[in-house]
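Visitor: Below is the structure I would like to discuss, written out as structure tokens.
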Amino acid sequence: MKRLIIPALFALLLAACSSTPDGPEQGGAPVETRGGGASSSVATVTAGGIDSRKLPPELTDPKNILSKRSIYFDYDKYDVKPEYKDLVTAHAKFLANNRQFKMLIQGNTDDRGSREYNLALGQKRADAIKKMLNLLGAREEQVESVSLGEEKPKNEGQNEAAWAENRRGDMLYNGEF
Amino acid sequence: MLRRLLKLRGLSLIACSALVLLQTPVRAELTIEFSGAGANRIPLAVADFGGEPGISRALTSVVRGDLERSGLFRLIDTGSSALTETSSPAYGDWKNRGADALTAGSISASGDGRQEARFRLYDINKQTVLGGAAFVTSTPMLRAAGHRIADAIYEKLIGEPGIFSTRIAYVVKNGTNRYELHIADADGQNAQAALKSKEPIISPVWSPDGGRLAYVSFENKKPVIYVHSLASGQRIVVANFKGSNSAPAWSPDGRRLAVVLSKEGGSQIFMVNADGSGVQRLTTANGINTEPFFSPDGQSIYFTSDRGGSPQIYRSGVNGGDAQRVSFEGSYNVSPRISPDGKSMAFISRRESGFRLAVMDLDSKQVQILTDSNKDESPTFAPNGRMILIATEIGGRGVLSAVSTDGRIKQRLSISAGDVREPAWGPFTK
């Protein structure tokens, strides 16, 4: 298991440019009579991201099928529709021929219902794409399927067209995520 | 005796803090509005605290604001009566004004550069002292002292602990890619950012000791579970396995977390120690098993599963075994949260195409729908079990709404710009 500890120092550096107080005095909770209690001050942490890398042109050339990365799903459905077979096959072949490449599949849902339940639904979609890629030649360790649930909608609208755009799995290569 | 039947009266008030003494750690503070009232509001007089006017007025307004927003008290106008904890109240006068209870107090320098806030609570009908306390405080902590006093009054008159000194956590979203995990007092004041990120943050949950939050952050382009110590800002990755890691829940002893991992296919519930060690699988049914929540005795796990064809709530032993279905009415019942006394369950139920807050009495299985909104999410009980805080949407914007378990009292917490969501009500503070 990976373990990561972001030093408090990082938080201290950032405190200078944030509007968060840096002293323990501003906190909410403790009044001494009722026992000490933990300090209620909160240190602000800023989350980092991932570096990106350059991709080979065949993955980005708009004329190449490999430049397409999205697979759309029907409402409450998790199977990859036949119309996406060529697309998934092309990516499976690319992964089989380029074993140094890794892919992250992000499953997405529309925003109706529970965030955590939607996260699990998005996982079902990503898993379906991964399974197909593996069957078509991509190696198990090359592909990771994860879910963004309803958290990263492509279309923020509240109508059927927007929801359909958000019921989606995206295939990303290292450097793109 | 103290309670008097009163006609239900709609109330609406926006409480604004006039405390210039205090810093505003994050720019966007929550504003709180409330409406509705309990059936039997206690007529209570809170006399102006004695002492240096600027400070005592601020203290008085915190105490009054807390008690009034609870919906359980009707505040009696105290006029300009000068009264402190040392003066003897004119019981007859207060009775004529309609008060059943009276509180009076003062704040003064305590000698070591700090201040001492004192108060006394009187039963007007019995002409007796119900209680009193003293709190040492400092100017920046004045609101905290006010919350402690309001908690003490509440507990004496209602017979259960108050939650005015507790804290809440929630996520603020600004624009498309600014996410902040905030910690604020239960009245929305004194908000501080614990985490700022360009990627979503969901599912914060307080450790039982109130010092840490577990949550799911997407900062690595996938859901990863962290445990974040609030005072130091130190973060530990508790689960970052291949696939998705989500839906953390603390065991009541604070030593373990139930989490949802997709590493073995589907979404399955696992137990993990709070430092990320000792991962053990709990659920085995195919498909989706998510949103675990411990019963207060630590013996059962409630969770959402689609094993029966639609999302429903189930319960299983903490060491696995057969799961029993808990929710039956309707085709979509999710996000179970058990009340602190273990007797009822708050959850979200889809009814007439809206996602609404529901409460089930676990003994009788009786379900009551508490809201008529369309997008309720993420219920969280106040530690005294009296209110349930949810995320909902009003006019297309995310706001927080606190609803009493009988549905009568509602408070709304919103922010002037941005969406507020993913509330988590913290434990009692010592």
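The values are calculated or read from the model by the stated rules, or taken from the named source; none is laboratory data. Since this is a predicted model, take the numbers as computed values, not measurements. We place every Cβ from the backbone using ideal geometry, glycine too, and count neighbours over all the protein chains shown.
Visitor: So which residues in the stretch B:249-267 are within 20 Å of the chain's Cα centre (by Cα) and either facing chain A (nearest Cβ under 10 Å) or acidic (Asp, Glu) (or both), if there are any at all? Spell out how you get there, then give the answer.
Guide: Taking the stretch B:249-267 first, the residues within 20 Å of the chain's Cα centre (by Cα) are B:249-254.
Of everything in the stretch B:249-267, just one residue is within 20 Å of the chain's Cα centre (by Cα) and either facing chain A (nearest Cβ under 10 Å) or acidic (Asp, Glu) (or both), namely B:Asp253.
Visitor: Further question: Quick one: in the stretch B:200-232, which of the residues that are of a type in the set (D, E, K, R) and facing another protein chain (nearest Cβ under 7 Å) is surrounded by the most Cβ atoms within 10 Å (Cβ to Cβ)?
Guide: Quick first cut of the stretch B:200-232, residues of a type in the set (D, E, K, R) only: B:209, B:212, B:219, B:221-222.
Pick out the ones that are also facing another protein chain (nearest Cβ under 7 Å) and you get B:219, B:221-222.
Values: B:Glu219: 20, B:Lys221: 17, B:Lys222: 25.
Selected residue: B:Lys222.
Visitor: Under 6 Å between Cβ atoms, which residue pairs at least 6 apart in sequence (or on different chains) link something in the stretch A:146-169 that is over 17 Å from B:Asn374 (Cβ atoms) and in contact (Cβ under 8 Å) with a residue 40 or more places away in the chain with a partner that is among the hydrophobic types (A, V, I, L, M, F, W, C) and in a strand (DSSP E or B)?
Guide: A:Gly169/A:Ile71; A:Gly169/A:Ile105
Visitor: In the set B:Ser110, B:Ser80, which member is within 14 Å of chain A (Cβ to nearest Cβ), without any contact (Cβ under 8 Å) to a residue 60 or more places away in the chain and surrounded by fewer than 19 Cβ atoms within 10 Å (Cβ to Cβ)?
Guide: B:Ser110
Visitor: Which of the following residues is assigned to a loop (DSSP other than H, G, I, E, B), modelled with pLDDT of 90 or more and under 30 Å from A:Glu160 (Cα atoms): A:Asp74, A:Asp86?
Guide: Residue meeting the stated conditions: A:Asp74.
Visitor: Return yes when B:Ala169 is over 30 Å from B:Glu52 (Cβ atoms), at the interface with chain A (Cβ under 10 Å from one of its Cβ atoms) and under 15 Å from the mean Cα position of the chain (by Cα) and no when it is not. Before you say what the answer is, go through the steps one by one.
Guide: Details: over 30 Å from B:Glu52 (Cβ atoms): yes; at the interface with chain A (Cβ under 10 Å from one of its Cβ atoms): yes; under 15 Å from the mean Cα position of the chain (by Cα): yes.
Spelling it out, B:Ala169 is indeed over 30 Å from B:Glu52 (Cβ atoms), at the interface with chain A (Cβ under 10 Å from one of its Cβ atoms) and under 15 Å from the mean Cα position of the chain (by Cα).
Visitor: Then there is this: Answer with yes or no whether B:Ser414 is in contact (Cβ under 8 Å) with a residue 60 or more places away in the chain and assigned by TED's automatic domain parsing to the domain that holds B:Val334. Please lay out each step first, then the result.
Guide: On the way: in contact (Cβ under 8 Å) with a residue 60 or more places away in the chain: yes; assigned by TED's automatic domain parsing to the domain that holds B:Val334: yes.
So B:Ser414 passes the test.
Visitor: Can you give me the ranges of the strands (runs of 3 or more DSSP E) entirely in the stretch B:218-292 with at least 2 residues that are in the same structural domain as B:Lys196 (by TED's automatic domain parsing), under 30 Å from B:Ala184 (Cβ atoms) and in contact with a Pro (Cβ under 6 Å, 6 or more places away or on another chain)?
Guide: Working: elements: B:224-229, B:235-239, B:245-250, B:256-261, B:268-273.
Where strands (runs of 3 or more DSSP E) fall fully within the stretch B:218-292 and carry at least 2 residues being in the same structural domain as B:Lys196 (by TED's automatic domain parsing), under 30 Å from B:Ala184 (Cβ atoms) and in contact with a Pro (Cβ under 6 Å, 6 or more places away or on another chain), they are B:245-250, B:256-261.
Visitor: Here are B:Ala391, B:Ala323: which of them is outside any loop (DSSP other than H, G, I, E, B), in contact with an Asp or Glu (Cβ under 9 Å, 6 or more places away or on another chain) and either at pLDDT below 95 or not β-branched (Val, Ile, Thr) (or both)? Even if it seems obvious, please write down each step before you answer.
Guide: Working: B:Ala323 fails: in contact with an Asp or Glu (Cβ under 9 Å, 6 or more places away or on another chain).
None of the others qualify; the one that does is B:Ala391.
Visitor: Any residue at all in the stretch B:308-330 that is surrounded by fewer than 17 Cβ atoms within 10 Å (Cβ to Cβ) and β-branched (Val, Ile, Thr)?
Guide: No.
Visitor: Do we find that B:Gly398 is touching a residue at least 60 places away in the same chain (Cβ under 8 Å) and among the small types (Gly, Ala, Ser) in this structure?
Guide: Against the criterion (touching a residue at least 60 places away in the same chain (Cβ under 8 Å) and among the small types (Gly, Ala, Ser)), B:Gly398 qualifies.
Visitor: Another question, then. Scan the stretch B:93-142 for residues that are assigned to a strand (DSSP E or B), under 12 Å from B:Ala45 (Cα atoms) and of a type in the set (Asp, Glu) and jot them down.
Guide: Hit for the stretch B:93-142 is B:Asp123, nothing else.
Visitor: When you look at A:Glu116, is it more than 19 Å from B:Ser305 (Cα to Cα), buried (at least 21 other Cβ atoms within 10 Å of the Cβ), within 11 Å of chain B (Cβ to nearest Cβ) and not basic (Lys, Arg), yes or no?
Guide: Numbers: more than 19 Å from B:Ser305 (Cα to Cα): no; buried (at least 21 other Cβ atoms within 10 Å of the Cβ): yes; within 11 Å of chain B (Cβ to nearest Cβ): yes; not basic (Lys, Arg): yes.
So A:Glu116 fails the test.
Visitor: Also, quick follow-up: For the stretch A:106-126, state whether one or more residues are part of a loop (DSSP other than H, G, I, E, B), among the polar types (S, T, N, Q) and either free of Cβ contacts under 8 Å to residues at least 60 places away in the same chain or at positive phi (or both).
Guide: Within the stretch A:106-126 (the criterion being part of a loop (DSSP other than H, G, I, E, B), among the polar types (S, T, N, Q) and either free of Cβ contacts under 8 Å to residues at least 60 places away in the same chain or at positive phi (or both)), the answer is yes, since at least one residue qualifies.
Visitor: Okay, moving on. Which condition number does B:Arg235 fail, the rest of (1) modelled with pLDDT of 95 or more; (2) surrounded by 18 or more Cβ atoms within 10 Å (Cβ to Cβ); (3) facing chain A (nearest Cβ under 8 Å); (4) more than 17 Å from B:Asp209 (Cα to Cα) being met?
Guide: (4)
Visitor: Residue check: is A:Glu176 within 12 Å of the chain's Cα centre (by Cα), among the acidic types (Asp, Glu) and over 30 Å from B:Arg351 (Cα atoms)? Talk me through it step by step, then tell me what you get.
Guide: Working: within 12 Å of the chain's Cα centre (by Cα): yes; among the acidic types (Asp, Glu): yes; over 30 Å from B:Arg351 (Cα atoms): yes.
Spelling it out, A:Glu176 is indeed within 12 Å of the chain's Cα centre (by Cα), among the acidic types (Asp, Glu) and over 30 Å from B:Arg351 (Cα atoms).
Visitor: Considering only the stretch A:101-111, I want to know if a residue exists there that is hydroxyl-bearing (Ser, Thr, Tyr) and out of contact with any Ser or Thr (no Cβ under 9 Å at 6 or more places or on another chain).
Guide: Within the stretch A:101-111, the first condition is being hydroxyl-bearing (Ser, Thr, Tyr), and the residues that meet it are A:109.
From the residues that got through so far, the ones that are out of contact with any Ser or Thr (no Cβ under 9 Å at 6 or more places or on another chain) too are none.
Within the stretch A:101-111, none of the residues are hydroxyl-bearing (Ser, Thr, Tyr) and out of contact with any Ser or Thr (no Cβ under 9 Å at 6 or more places or on another chain).
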